[in-house]
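Working notes for the structure below.
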Amino acid sequence: IKAYNYGLGDCDKVVEGYFCVEHCTASRTHAEENTKWNSIKVKVEMKDAGTEFARYITNDGRVYVLKLNCEGAEYDIIRSLIKQDLLKYIDIMLIETHDGREAEMFEYIKRRGFVWFYQEKTCGQGFIRAIMPRKINAIGE
């Protein structure tokens, strides 16, 4: 695993976000300040997810698993991958959804042929497990 000092989204830009000092998993780049926890405003460099993702497609043209838990940025990331036609390389997607927008994600993955199911975790949050059916027999080969 290699860590990078930037976020992923639908384009290259610098944004202001909030880092929650007491609860870092509540940190976000596209939401208002979370007043429930102590937050500080920070500038975050964002890079286009499709451009970055394309670097990790394996020599055999596959990405075995894509896991997204991005505190709301998963929608921008998926749109970027769609725009660059990169979902076709993914076998399995594990996506945590936020902000009660899971129907939007259902449409993105369904239109591209993924079979999926959804598990609601808490109000406005859930987990999608999706697989590309044509790849089921190929996994593990």
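The values are calculated or read from the model by the stated rules, or taken from the named source; none is laboratory data. Remember, predicted model here, so these are calculated numbers, not experimental data. Every residue, glycine as well, gets a Cβ built from its backbone with ideal geometry; the counts of neighbours run over all protein chains shown. In case anyone asks, the SASA skips ligands and DNA or RNA and just uses the protein heavy atoms, side chains included. Shrake-Rupley method; radii C 1.70, N 1.55, O 1.52, S 1.80 Å.
How much net charge surrounds G126 when only the other residues with a Cβ under 13 Å from the Cβ of G126 are counted, with Lys and Arg +1 and Asp and Glu -1? Can you show the working numbers first?
On the way: positive: R101, K121, R129; negative: E74, E96, D99, E102, E104, E120.
Combined, the nearby Lys, Arg, Asp and Glu give -3.
With all protein chains present, calculate the accessible area of L94 using a 1.4 Å probe and round the result to the nearest 10 Å².
Accessible area of L94: about 50 Å².
For a label point 7 Å from the Cα of K67 along Cα→C-beta, name the residues of the range 74-89 whose backbone N is under 17 Å from it.
74
Going down the list K83/K110; K2/K67; K2/K110, which pairs span over 20 Å between their C-alpha atoms? Let's see the in-between values first.
Values: K83/K110 15 Å; K2/K67 15 Å; K2/K110 31 Å.
Beyond 20 Å: K2/K110.
Long-range amide H contacts for S39: which residues qualify at under 5 Å (H placed 1.01 Å from N, peptide plane, sequence gap of 5 or more or a different chain)?
V21
With a 1.4 Å probe and every protein chain left in place, tell me how much accessible area C11 has, in Å² to the nearest 10.
Number for this one is 50 Å².
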